[in-house]
1. For the range 7-30, enumerate the residues that are modelled with pLDDT under 85, out of contact with any helix residue (DSSP H, G or I) (no Cβ under 9 Å at 6 or more places or on another chain) and polar (S, T, N, Q).
2. Six or more apart or on different chains, Cβ atoms under 7 Å: show the pairs whose first residue is in the range 31-50 and modelled with pLDDT of 85 or more and whose second is of a type in the set (Val, Ile, Thr).
Amino acid sequence: MRRWFWAFSSGARMCIGMHLAMAEMTTLLAAIYRKYRTRLHSKQQNASPGITSRFEVFSDETVPDITEHECWVHFDPLEEVNEAAKES
């Protein structure tokens with residue numbers, strides 16, 4: 001079933017809320033990155049997250065492995081990142 005999921009669909013039956021949803025996701029990401037910096041989790045070091053379209057999986061071809069439906073990321077609060085930079 002996961003392979004047939006298409007977030008906003010396309011064509012004549014496309015989601016009418018797509019533009020609002022994209023604006024909300026952009027706002028959410030901006031709010032997150034105002035307070036956090038991200039770095040890869042050790043599980044993700046040698047693997048690219050696979051993005052599934054209807055029929056194929058897209059990933060970063062420069063990374064040897066693909067992990068479908070997973071993207072492991074650490075969120076470090078910016079205060080900690082700034083303090084560590086001051087100490088070094």
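The values are calculated or read from the model by the stated rules, or taken from the named source; none is laboratory data. Not measured: the values here are computed from a predicted model. Cβ sites come from the backbone with ideal geometry, for glycine too, and all protein chains shown count toward neighbours.
1. Answer for the range 7-30, where residues must be modelled with pLDDT under 85, out of contact with any helix residue (DSSP H, G or I) (no Cβ under 9 Å at 6 or more places or on another chain) and polar (S, T, N, Q): just SER10.
2. Pairs that qualify, where the first residue is modelled with pLDDT of 85 or more and the partner is of a type in the set (Val, Ile, Thr), are ARG37/VAL81; THR38/VAL73.
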